[in-house]
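The structure under discussion appears below in the form of structure tokens.
Every read-out reported here was derived from the displayed coordinates using simple, explicitly stated rules and does not represent laboratory data. Please read all numbers here as calculations on a predicted model, not as lab measurements. Don't worry about glycine lacking a Cβ; one is built from the backbone with ideal geometry, like all the others, and counts go over all protein chains shown.
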Amino acid sequence: QQQVKQSPQSLIVQKGGISIINCAYENTAFDYFPWYQQFPGKGPALLIAIRPDVSEKKEGRFTISFNKSAKQFSLHIMDSQPGDSATYFCAAKAAGNKLTFGGGTRVLVKP
Amino acid sequence: KAGVTQTPRYLIKTRGQQVTLSCSPISGHRSVSWYQQTPGQGLQFLFEYFSETQRNKGNFPGRFSGRQFSNSRSEMNVSTLELGDSALYLCASSGDSTQETQYFGPGTRLLVL
């Protein structure tokens, strides 16, 4: 019940395009949903996070959409740039509990 | 503030040996979590320490252990290494009251031969 499922495993997008990554969860106790970005040779870095009482959160070119009834959330990268090429992880956490990560999505932005 | 530091960055061991990895959290952070990252299993939670006490533990065998010192620095130990223990071991620290925002170090890449 702690599982977070992420898709797709990889995606290729042209510069200027929109990258969309989806995650689904089962545990309704999750109340914090962050997204992390990881470059090769580096640890993951927090990109943006959302709570279930908000349906959308935007920070620059990155937007999280959250659907509580469907138990799904997604990351949209607008105007994708080659520098956005990285692996993205969604995660979920319940209060007092561990952070559970999705399987990751490798994004390649072609110039 | 300096970020999370992990030492060593790379390590090669042989099966049956043991290894100790070190993590220094961001100054003032009292929570330290450890994760194992592999291509096949992704990021898997090992354990979390807060003020020298283990608060959460993942589904790893007893060969994996950790501890936290009074200065919040943490170590993890893997005994009787197996080939499958080859992975990137990541440490993350958190300083907020909910321990939600986690700051990751660069990791220690362990290769078991």
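Below is a table of values for the structure above.
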{"quantity": "Translational diffusion coefficient (Stokes-Einstein; Kirkwood radius from C-alpha pairs) of the protein assembly as shown at 10 °C, 1.306 mPa s, in µm²/s", "calculated": "88"}
{"quantity": "Rg to Rh, two decimals, where region B:26-66 supplies the alpha carbon set and Rh follows Kirkwood", "calculated": "1.02"}
{"quantity": "Using a Förster distance of 22 Å, the FRET efficiency for A:Asn27-B:Thr101 (Cβ separation, nearest 0.05)", "calculated": "0.65"}
{"quantity": "Loop sites in region A:16-111: GluC sites (Glu not before Pro), DSSP, at most 14 other Cβ within 10 Å", "calculated": "A:Glu26"}
{"quantity": "For A:94-103, mean number of other protein chain Cβ atoms within 10 Å", "calculated": "5"}
{"quantity": "Cα pair count fraction exceeding 17 Å, expressed as % - chain A", "calculated": "50"}
{"quantity": "Shape parameters for region B:20-113, alpha-carbon atoms, Rg then Dmax in Å", "calculated": "12.6, 41"}
{"quantity": "Ranked A:His76, B:His29, criterion: other C-beta atoms within 10 Å, fewest first", "calculated": "A:His76, B:His29"}
{"quantity": "Restricting region B:37-113 to GluC sites (Glu not before Pro) in coil, as DSSP defines it, with at most 15 other Cβ within 10 Å", "calculated": "B:Glu52, B:Glu82"}
{"quantity": "Difference of contour (0.36 nm per residue) and Cα-Cα distance, B:Arg67 to B:Arg30", "calculated": "12.1 nm"}
{"quantity": "18 Å cut-off, amide nitrogen to a point 7 angstrom out along B:Thr80 Cα→Cβ, residues in region B:54-74", "calculated": "B:59-66"}
{"quantity": "Fewest-first ranking of A:Lys98, A:Lys57, using other Cβ atoms within 10 Å as the exposure measure", "calculated": "A:Lys57, A:Lys98"}
